[in-house]
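Enquirer: The structure follows.
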Amino acid sequence: MSGGRIAQRFETLRADGRGGFVAYLTGGDPDIAVGASLVEALDRGGADIVELGVPFSDPLADGPTIQRGMERALASGTTLASVIALVREVRDRVATPIVLFSYANPILAYGRDRFVADAAAAGVDGLLVLDLPPEAMGDLHPSLLDAGIDPIFLISPTSSAARIEQAARLGRGFLYGISRLGVTGMRTSIATSAGELASRVRGITDMPLVLGFGVSTPEHVAEFHRHADAAVVGSALVDLVGRHAGDSQLPQRLESMVRWLRGEGPAPEGGDP
Amino acid sequence: MTSREPAAMAPPSFRFGRRDPAPGGWFGEFGGRFVPETLIAPLEELEARYFELRSDPAFLSEFDRLLGSFVGRPTPLWEATRFAEACGGARVFLKREDLAHTGAHKINNALGQALLARRMGKRRIVAETGAGQHGVATATVCALLGLECRVYMGALDMERQALNVFRMRLLGAEVVGVEGGGRTLKDAINEAMRDWVGRIDDTAYLLGSALGPHPYPLMVREFQSVIGHEARAQIHTAIGRDPDAVVACVGGGSNAIGLFDPFIENPKVQLIGVEAGGTAIEPGRHAARFAGGTPGVLQGTRTLLLQDEHGNILSTDSVSAGLDYAAVGPEHAMLAASGRTTYAHASDAEALAAFQDLSRLEGLVPALETAHGIAHARVVARRLGPDGVVLVNLSGRGDKDVQSVASRFPELGTRDEGDAP
């Protein structure tokens, strides 16, 4: 029963009174061969949820850092099938919930029903499709629910109350709040709109809320924990992967980075981030 | 000059609100709105304001006044007799969008969307451009209306359309080169959307073709349909009936859908789009979506795409930057699926030959994009025979291409022995 893993994780976090840490990597970045070691590193570093991006040629919601990560992943031959295979490979060794992040087209090319079946069998816990807002999900939505995969939706500072309510009603697991307008990427300071968005969401639903976009330091993470159940770090991790691609110490570096971002370890050597 | 009289410009009631897509922007199984959540609210606002303004007489009369006095509409219809004679078949009429201000049809849509943006209180415009014609048109209307303008352009396209880069900067626009992907139109659209998603409060995205999420494909077609409605009135004046075939090049498809619009309801009129055949109909060597495309979702819309088995978008290749794009407008995909339109392709070599022929036979240097339509019009004219009539969109002039053609194909500037005196 994979569908409940995300909900259980947030129940645990709330029971412990602890803010969660969501770690994003693009699957197959820099190479699918080391993918399992990187997911395990995120897990050892204390990630509460792992998000795996499906590389796509035209990631229009992503900033330059994740674009480069997707280019590295595609150049090494990564496909949606290999990202699903990666989840299958690590599933027995990693208890952390795994959410796939994708654009619509790789899933459509794979075939919706085949994707849902294969992802569920591999142990995927949730799916967020960046360019499929709830009204564009079509039959994918009931298929995911039937298969026990949580459909996860974005909410943004531009989302109306009705859309937040819709995302909470149709989504499972958690709501993914975009803390500010724009594409993914690191920022030196994070938007004040995070707190506003969080309080709007709290007025509508008590579904777990994670906040992302622009988080790259332990201070950012701690700040987001004041507003939300968890903070997402993506570009800062992908940036590390890009700078140390091919380095045999990459998993250890990633693990240290996650510990540091969670406020449980020293700043990584070499001045990261 | 009867063709210049205002009567040839069809009133807005003929052009707007005629064939709306289904709610959500669906043209049959194509179209829709596949965008990140942040863009939903601005697109809903854009749709609502557009639907309101397209039936607002003040807005439409301002649009038509500027189409007349600023753009120079109506553009004439020209019978290309020497070209037709060389084709050896039907009569050929050219709709002279090359005479619209800035040298291509793109200004019709740029003006419409910029007026809409101003009504929405936006002060900053972002746009993408391929051949540079939409970028120049956007920079022009931004200068006219006092709007800040930033244009994204693939780095490869900046090289092959250097003249238009200079024109945009001269007009006060900021031109930003895009190094990602194939460094062409698709990559420029990605970057323009990324810009917009970060600044939706003060910025409007002025999309240049009948592409992207709803309401863009509808809005662009309706702003461009002035081409077809003028041409239909003009060809009725000339021959007293609809033409047998209507031909236009198709990149995203805005000049084609604008010309096709009034003829769609007459099933006797063949509607033919012409895509870029590049160097060969093999993956990565062309941009003929109807020859090698499959349905998928790209840049906000479901349409035919050139993609690999994993759903990644293939690189495209064409001598013309404006047709060098992996997706086609969703309404074209629907019209093709229903059999109402057909699509052919012209190779780089065929387009270059047409570029030269129209220059020498008619004194008209077409844009390389347009030259693809001209190249296939020759085939259509021959097929129809002497009783037939072909209407072709001369969608843009080729001044922008002269420099790159001269450097890549210097032999086109020399006379060979076969030339007529």
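The values are calculated or read from the model by the stated rules, or taken from the named source; none is laboratory data. This structure is a prediction, so every number in the text was calculated from the model and none was measured. A quick note on method: Cβ atoms are made from the backbone with ideal geometry, for glycine too, and the neighbour counts reach across all protein chains shown.
Enquirer: What tally of residues in the stretch A:217-247 results from selecting those that are within 12 Å of the chain's Cα centre (by Cα) and polar (S, T, N, Q)?
Expert: Total meeting the criteria: 1.
Enquirer: Hey, could you check the stretch B:186-223 for residues that are touching a helix residue (DSSP H, G or I) at 6+ places or on another chain (Cβ under 6 Å) and modelled with pLDDT under 95 and say which is farthest from residue B:42 (Cα to Cα)?
Expert: If we take residues in the stretch B:186-223 being touching a helix residue (DSSP H, G or I) at 6+ places or on another chain (Cβ under 6 Å) and modelled with pLDDT under 95, then B:197 is farthest from residue B:42 (Cα to Cα).
Enquirer: Which of the numbered conditions does residue A:153 fail, given that it passes all the others? Conditions: (1) within 13 Å of chain B (Cβ to nearest Cβ); (2) in contact with a strand residue (DSSP E or B) (Cβ under 6 Å, 6 or more places away or on another chain).
Expert: (2)
Enquirer: Here's a follow-up. When the stretch B:281-303 is examined, which residues are found to be more than 14 Å from chain A (Cβ to nearest Cβ) and touching a strand residue (DSSP E or B) at 6+ places or on another chain (Cβ under 8 Å)?
Expert: Selection gives B:281, B:285, B:286, B:287, B:288, B:289, B:290, B:291.
Enquirer: So, of the residues in the stretch A:21-67 that are within 14 Å of chain B (Cβ to nearest Cβ) and in a helix (DSSP H, G or I), which turns out to be surrounded by the fewest Cβ atoms within 10 Å (Cβ to Cβ)?
Expert: The qualifying residue surrounded by the fewest Cβ atoms within 10 Å (Cβ to Cβ) is A:64.
Enquirer: Being in a loop (DSSP other than H, G, I, E, B) and of a type in the set (Lys, Arg) is the requirement here; does residue A:18 meet it?
Expert: So residue A:18 passes the test.
Enquirer: Report, ordered by the first and then the second residue, all pairs with beta carbons closer than 6 Å, sequence separation of six or more or different chains, a first member in the stretch B:1-27 that is of a type in the set (Gly, Ala, Ser), and a second member that is modelled with pLDDT under 95.
Expert: none
Enquirer: Residue by residue through the stretch A:75-127, note down the ones that are of a type in the set (Lys, Arg) and more than 14 Å from chain B (Cβ to nearest Cβ).
Expert: Listed by number, the residues that qualify are A:88, A:91, A:93.
Conditions (1) within 26 Å of residue B:304 (Cβ to Cβ); (2) at pLDDT below 95; (3) under 18 Å from the mean Cα position of the chain (by Cα), marked per residue:
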{"site": "A:62", "(1), (2), (3)": "yes, yes, yes"}
{"site": "A:68", "(1), (2), (3)": "no, no, yes"}
{"site": "A:76", "(1), (2), (3)": "no, no, no"}
{"site": "A:79", "(1), (2), (3)": "yes, no, yes"}
{"site": "A:97", "(1), (2), (3)": "no, no, yes"}
{"site": "A:104", "(1), (2), (3)": "yes, no, yes"}
{"site": "A:109", "(1), (2), (3)": "yes, no, no"}
{"site": "A:123", "(1), (2), (3)": "no, no, yes"}
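For (1) hydrophobic (A, V, I, L, M, F, W, C); (2) at pLDDT 95 or above; (3) within 21 Å of residue B:72 (Cβ to Cβ), each residue gets a yes or a no:
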| residue | (1), (2), (3) |
| --- | --- |
| B:122 | no, yes, no |
| B:134 | no, yes, yes |
| B:143 | yes, yes, yes |
| B:160 | no, no, no |
| B:166 | yes, yes, no |
| B:176 | yes, yes, no |
| B:180 | no, no, no |
| B:184 | no, no, no |
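Enquirer: Pull out all pairs, ordered by first then second residue, where Cβ-Cβ is under 8 Å, the residues are six or more apart or on different chains, the first lies in the stretch B:181-195 and is farther than 18 Å from residue B:286 by Cβ and more than 11 Å from chain A (Cβ to nearest Cβ), and the second is surrounded by 24 or more Cβ atoms within 10 Å (Cβ to Cβ) and not charged (D, E, K, R).
Expert: B:188/B:129; B:188/B:130; B:188/B:152; B:188/B:153; B:188/B:154; B:188/B:178
Enquirer: For the stretch B:176-208, what are the residues that are within 21 Å of residue B:105 (Cβ to Cβ), touching a Lys or Arg at 6+ places or on another chain (Cβ under 7 Å) and assigned to a strand (DSSP E or B)?
Expert: The answer is B:204, and nothing else.
Enquirer: Does residue B:257 qualify as being surrounded by 24 or more Cβ atoms within 10 Å (Cβ to Cβ), more than 14 Å from chain A (Cβ to nearest Cβ), closer than 25 Å to residue B:67 by Cβ and modelled with pLDDT of 95 or more?
Expert: The answer is yes for residue B:257.
Enquirer: If you don't mind, another one. Can you confirm whether residue B:413 is of a type outside the set (A, V, I, L, M) and modelled with pLDDT under 95?
Expert: So residue B:413 fits the description; yes.
Enquirer: With (1) surrounded by fewer than 22 Cβ atoms within 10 Å (Cβ to Cβ); (2) at pLDDT below 95 as the list, and residue B:130 as the residue in question, which single condition is left unmet?
Expert: Every listed condition holds for residue B:130 apart from (1).
Enquirer: A follow-up question, please. Those residues that are without any contact (Cβ under 8 Å) to a residue 40 or more places away in the chain and over 20 Å from residue B:298 (Cβ atoms), I need them from the stretch B:168-180; list them, please.
Expert: Passing the criteria: B:168, B:169, B:170, B:171, B:172, B:173, B:174, B:176, B:177.
Enquirer: Right, something else. Yes or no: the stretch B:91-112 includes at least one residue that is in contact (Cβ under 8 Å) with a residue 12 or more places away in the chain, in contact with a Lys or Arg (Cβ under 6 Å, 6 or more places away or on another chain) and among the β-branched types (Val, Ile, Thr).
Expert: no
Enquirer: Turning to a different aspect of this structure: Within the stretch A:1-51, count every residue that is without any contact (Cβ under 8 Å) to a residue 60 or more places away in the chain, within 13 Å of the chain's Cα centre (by Cα) and farther than 19 Å from residue A:84 by Cα.
Expert: Total satisfying the criteria: 0.
Enquirer: Would you call residue A:263 assigned to a loop (DSSP other than H, G, I, E, B), surrounded by 19 or more Cβ atoms within 10 Å (Cβ to Cβ) and on the phi > 0 side of the Ramachandran plot?
Expert: no
Enquirer: Quick one: in the stretch A:128-145, which of the residues that are in contact (Cβ under 8 Å) with a residue 24 or more places away in the chain, of a type outside the set (Ser, Thr, Tyr) and more than 10 Å from chain B (Cβ to nearest Cβ) is nearest to residue B:44 (Cα to Cα)?
Expert: A:137
Enquirer: I'm trying to understand the selection: among the residues of the stretch B:136-154, which are surrounded by 24 or more Cβ atoms within 10 Å (Cβ to Cβ) and not in a strand (DSSP E or B)?
Expert: Matches in the stretch B:136-154: B:136, B:137, B:138, B:139, B:140, B:141, B:142.
Enquirer: Can you find even one residue in the stretch B:121-137 that is touching a Phe, Trp or Tyr at 6+ places or on another chain (Cβ under 8 Å), among the β-branched types (Val, Ile, Thr) and within 14 Å of chain A (Cβ to nearest Cβ)?
Expert: yes
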